[in-house]
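Enquirer: Can you keep this structure in mind? I'll have questions shortly.
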Amino acid sequence: MDSNQAIDLNAALARIASDVAPMVDTERVPLGAAQGRILAEALRATHPAPPFPSSAMDGYALPAPVSADLSGTRWRISGESAAGHPWTGAARDGECIRILTGAAVPDGFTRVVLQEDTRRDGDVILISGQPDPRSNIRPVGHDVQAGEPLMPQRQRLGALEIGRLASDGVREVSVYRRPRIGVFSTGDELVDAATTGADLPYGCIYESNRATLLALLKHLPVAVTDLGNLPDDAQTTRRELDVAARSHDLLLTSGGVSVGDHDHVRNVVEALGYVAFWKLNLKPGKPLAFGRVGNSWFCGLPGNPVSTIVTWLLIARPLVLHLCGQPGSEPVRLPATLATPAEHHAGRTEYQRGCFSWRPGQPLPVVSILGDQSSNRLATFQGANCLVEIPAAVHDLPAGAPVTLLPLAGLLD
Ligand code: AMP
Ligand code: MG
């Protein structure tokens, strides 16, 4: 691949996937500390769930076949099985037991009649009307049998997965080590709000990309270092990238990767390692450099704040998750209909900020484009819940045109 050639998003993702090996180092962590981590082992259920036949309802357990017509029959109550307090007696003809949801159904009891289908008179119940014809008993292993797959390797452990593993009695899991990621911003014009006085010097702006990236990375299973801001100076850039590469798995920068007189990052990366590509057929986000610095991967995002965020979503986030041990974490795509016109010049695939909604009866969600889409305007993300993908080949699109949207839900937190 000629690194000076502009490539499509898919080619960029494919190159990253072929160059970067997902994490192999693992560590064992208590289940309670595993949230957000990526499972390094395939797990099978060690217990059947439920471990005993259990009642799905509050009612009465009967030693009667499911098919039997019980309407109008009477049964004497000879005991009770409650959740956590199983009944230990034996089933006898004409006798039932009171049973509660989640309680063990003792041997010999084959059917639970719902409380609502009975009338109780002291120690006896009368089955009224036509009772629910189902057994209302959850058999052993109804959820999962012992030995069945419980969770695949490379599963990200969210709340649902933590709960499922807890339900099998899992105490500890093997997860991939957190990759160490260092984040730089670049640019002589950038000022950290936290470290400057009240007045912003003329010609300067407040730094926001590093702040955004650090916040986005907080939610991923990575160990992040804030490496500060690099000046627009080749020597300092070279020294700092070289040093940082020794203690990180990935260096993430923003700005300084284009063709400006003071854009030094790409040349420095080329000198210290290699640049696989640095031009994408994307808008916003044309200059994006991927490569290697010493022993660390390198991803140089474009400087305009909207470009930084869009390329984070499309490329850097999948790269980070791939490195973490979870390949294939690209955003999902949905078909939608434009509610507003979209301006677009043919040439590069464009990702505009939009807000979509869906109403019952509509065949597809409808999506509005959120104002002037210039890549410096963080305002275009205000109220956005998706990116709208406009293919390279098309021109302006009218309201009503079919488009593809990429929901932001789950990608920013
Ligand atoms: P560059 O790619 O370095 O030429 O930056 C492109 C534009 O993005 C310039 O207007 C920069 O001032 C702006 N920019 C670069 N980095 C940041 C940052 N960390 N925070 C806010 N704006 C930035
Ligand atoms: Mg710059």
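The values are calculated or read from the model by the stated rules, or taken from the named source; none is laboratory data. Quick caveat: nothing in here was measured; it's all calculated off a predicted structure. Please note: Cβ atoms are built from the backbone with ideal geometry, for glycine as well, and neighbour counts cover all protein chains shown. Just the protein is used for accessible areas: all its heavy atoms, side chains included, with ligands, DNA and RNA removed. Shrake-Rupley method; radii C 1.70, N 1.55, O 1.52, S 1.80 Å.
Enquirer: May I ask you to list the residues in region 280-308 that are among the hydrophobic types (A, V, I, L, M, F, W, C) and out of contact with any Lys or Arg (no Cβ under 9 Å at 6 or more places or on another chain)? Let's see the steps before the verdict.
Expert: First, the residues of region 280-308 that are among the hydrophobic types (A, V, I, L, M, F, W, C): 280, 282, 288-290, 293, 297-299, 301, 306.
Correct list: 293, 297, 299, 301.
Enquirer: Kindly evaluate residue 238 against the criterion of being at negative phi, away from ligand 2 (no atom under 15 Å from the Cβ) and either outside any loop (DSSP other than H, G, I, E, B) or over 28 Å from the mean Cα position of the chain (by Cα) (or both). Steps first, please.
Expert: Values: at negative phi: yes; away from ligand 2 (no atom under 15 Å from the Cβ): yes; either outside any loop (DSSP other than H, G, I, E, B) or over 28 Å from the mean Cα position of the chain (by Cα) (or both): yes.
Here the answer is yes, as residue 238 does meet what is asked.
Enquirer: Right, another one. Taking the conditions exactly as written (away from ligand 1 (no atom under 14 Å from the Cβ), open to solvent by 40 Å² or more (accessible area, probe 1.4 Å), over 19 Å from residue 7 (Cα atoms) and not aliphatic (A, V, I, L, M)), does residue 242 satisfy them or not?
Expert: Yes.
Enquirer: I need the full set of residues from region 81-107 which are in a strand (DSSP E or B) and surrounded by 14 or more Cβ atoms within 10 Å (Cβ to Cβ), in order please. Write out each step before concluding.
Expert: Restricting attention to region 81-107, the residues satisfying the condition of being in a strand (DSSP E or B) are 81-82, 85, 95-99, 104.
Those that are in a strand (DSSP E or B) and surrounded by 14 or more Cβ atoms within 10 Å (Cβ to Cβ): 81, 82, 95, 96, 97, 98, 99, 104.
Enquirer: Only strands (runs of 3 or more DSSP E) wholly contained in region 294-413 count here; list those with 2 or more residues that are of a type outside the set (D, E, K, R), in the same structural domain as residue 264 (by TED's automatic domain parsing) and under 25 Å from residue 184 (Cα atoms). Step through it out loud before you land on a result.
Expert: Values: elements: 296-301, 334-338, 349-357, 366-369, 386-390, 402-407.
Strands (runs of 3 or more DSSP E) meeting the threshold: 296-301.
Enquirer: Here is a follow-up. Only one of (1) in contact (Cβ under 8 Å) with a residue 12 or more places away in the chain; (2) under 20 Å from residue 56 (Cβ atoms) fails for residue 155. Which number is that?
Expert: (2)
Enquirer: Give the residue, chosen from 111, 28, that is charged (D, E, K, R), out of contact with any His (no Cβ under 7 Å at 6 or more places or on another chain) and open to solvent by 40 Å² or more (accessible area, probe 1.4 Å). Give the derivation first.
Expert: Working: 111 fails: open to solvent by 40 Å² or more (accessible area, probe 1.4 Å).
Only one candidate qualifies: 28.
Enquirer: Taking region 210-235 on its own, how many of its residues are of a type outside the set (Gly, Ala, Ser), more than 15 Å from ligand 2 (Cβ to nearest atom), in a helix (DSSP H, G or I) and touching a strand residue (DSSP E or B) at 6+ places or on another chain (Cβ under 9 Å)? Let's see the steps before the verdict.
Expert: Narrowing region 210-235 to residues of a type outside the set (Gly, Ala, Ser): 210, 212-214, 216-222, 224-227, 229-233, 235.
Filter again for more than 15 Å from ligand 2 (Cβ to nearest atom), leaving 212-214, 216-222, 224-227, 235.
Next, from what is left, pick out any that are in a helix (DSSP H, G or I): 212-214, 216-217, 235.
Retained after the next criterion (residues that are touching a strand residue (DSSP E or B) at 6+ places or on another chain (Cβ under 9 Å)): 212-214, 217.
So the count comes out to 4.
Enquirer: Shifting gears a bit: Please verify whether region 216-235 includes one or more residues that are among the β-branched types (Val, Ile, Thr) and in contact with a helix residue (DSSP H, G or I) (Cβ under 7 Å, 6 or more places away or on another chain). Step through it out loud before you land on a result.
Expert: Pass one, region 216-235, residues among the β-branched types (Val, Ile, Thr): 222, 224-225.
Going one step further and asking which of them are in contact with a helix residue (DSSP H, G or I) (Cβ under 7 Å, 6 or more places away or on another chain), we end up with 222, 224.
For region 216-235, residues among the β-branched types (Val, Ile, Thr) and in contact with a helix residue (DSSP H, G or I) (Cβ under 7 Å, 6 or more places away or on another chain): present.
Enquirer: Scan region 104-123 for residues that are aliphatic (A, V, I, L, M) and either in contact with a helix residue (DSSP H, G or I) (Cβ under 8 Å, 6 or more places away or on another chain) or under 18 Å from residue 68 (Cβ atoms) (or both) and jot them down. Please lay out each step first, then the result.
Expert: We begin by selecting, within region 104-123, every residue aliphatic (A, V, I, L, M); these are 104-105, 112-114.
Residues satisfying the conditions are 105, 112, 113, 114.
Enquirer: How about region 175-208: which of its residues are among the charged types (D, E, K, R) and within 16 Å of ligand 2 (Cβ to nearest atom)? Full working, then the answer.
Expert: Taking region 175-208 first, the residues among the charged types (D, E, K, R) are 177-178, 180, 188-189, 192, 199, 207.
Scanning region 175-208 gives 188, 189, 192, 207.
Enquirer: If you go through region 263-277 one residue at a time, how many are in contact with a helix residue (DSSP H, G or I) (Cβ under 9 Å, 6 or more places away or on another chain) and within 12 Å of ligand 2 (Cβ to nearest atom)?
Expert: Number of matching residues: 2.
Enquirer: Could you tell me which of the residues 320, 293, 275, 269 is among the β-branched types (Val, Ile, Thr), open to solvent by 10 Å² or more (accessible area, probe 1.4 Å) and within 22 Å of residue 21 (Cβ to Cβ)? Let's see the steps before the verdict.
Expert: On the way: 320 fails: open to solvent by 10 Å² or more (accessible area, probe 1.4 Å); 293 fails: open to solvent by 10 Å² or more (accessible area, probe 1.4 Å); 269 fails: open to solvent by 10 Å² or more (accessible area, probe 1.4 Å).
Sole residue among the options that is among the β-branched types (Val, Ile, Thr), open to solvent by 10 Å² or more (accessible area, probe 1.4 Å) and within 22 Å of residue 21 (Cβ to Cβ): 275.
Enquirer: Answer yes if at least one residue in region 192-215 is of a type in the set (A, V, I, L, M, F, W, C), in contact with a Pro (Cβ under 8 Å, 6 or more places away or on another chain) and over 30 Å from residue 272 (Cα atoms), and no otherwise.
Expert: Initially, region 192-215 is screened for residues of a type in the set (A, V, I, L, M, F, W, C), giving 193-194, 198, 200, 204-205, 211, 213-215.
Then drop every residue that is not in contact with a Pro (Cβ under 8 Å, 6 or more places away or on another chain), which leaves none.
No, region 192-215 contains no residue that is of a type in the set (A, V, I, L, M, F, W, C), in contact with a Pro (Cβ under 8 Å, 6 or more places away or on another chain) and over 30 Å from residue 272 (Cα atoms).
Enquirer: Scan region 245-262 for residues that are in contact (Cβ under 8 Å) with a residue 24 or more places away in the chain, within 15 Å of ligand 1 (Cβ to nearest atom) and either acidic (Asp, Glu) or buried (at least 22 other Cβ atoms within 10 Å of the Cβ) (or both) and jot them down.
Expert: Within region 245-262, 251, 252, 253, 254, 255, 256, 257 meet the criteria.
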